[in-house]
Amino acid sequence: MPEPSQNLGPHSTKKTLNTTCYGAFLVTQQAAKRMRHQGDGSILFSGASAWVKGFAISSVFAMGKFGLRGLAQALARELHPQNIYIWHFLINGGIRAEHRIERQDDGNDSRLDPDAIAECYLRFHRRHRSA
C-alpha cells in the first residue's frame, strides 16, 4: 500500500472534517431553529463531484463531501415537513477567487463565477412552492 500523503495526517483530517461536516451541522442547527420560528426557509449546501466518487489524493476532501451529502439528505427528510427546504448543489469545477493566481477570467470559463453560482442559489430559494 502506498504511503499516504502529508495532508492525510490525523490533525489535518480532523480539521477538514470539522469544517465540512461538523461546521455545516452547527450552522444548520442554528439556521433551522430560526426557520422553524418563522415557518419556512431554505438551507443550501455546496457539494462537489467528490460527494459521489473519491479521487486519488483527495480522500480527506471526499470524506468531508460524503458526510455533507449524508447530512443534507437526512435533513431534507427531517425538515421538509416544517417547510424548510434543503438544497445540495453539485459544483463540478474550480470556483474563481481573488486569492487564486488564475482569478482573472480568461474568456474560456475555466473557473466558475461565484456570483453566477449565488444567483442560481437565490433562484432556487425564491422558487414557487409547487416547484
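Overview of results
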item: Residue check, residue 57 in contact (Cβ under 8 Å) with a residue 24 or more places away in the chain and either in contact with a strand residue (DSSP E or B) (Cβ under 7 Å, 6 or more places away or on another chain) or part of a helix (DSSP H, G or I) (or both); result: no
item: Any hit, region 65-73, residues being over 15 Å from the mean Cα position of the chain (by Cα) and part of a helix (DSSP H, G or I); result: no
item: Residue that is surrounded by fewer than 12 Cβ atoms within 10 Å (Cβ to Cβ), out of contact with any Lys or Arg (no Cβ under 7 Å at 6 or more places or on another chain) and at pLDDT 90 or above, where the choices are 56, 76, 118, 72; result: 118
item: Test: residue in region 85-92 that is closer than 30 Å to residue 129 by Cα, assigned to a loop (DSSP other than H, G, I, E, B), modelled with pLDDT of 90 or more and not polar (S, T, N, Q); result: no
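The values are calculated or read from the model by the stated rules, or taken from the named source; none is laboratory data. Predicted, not measured: the structure shown is a model, and the values here were computed from it. Counting neighbours? That spans all protein chains shown, and the Cβs are built from the backbone with ideal geometry, glycine included.
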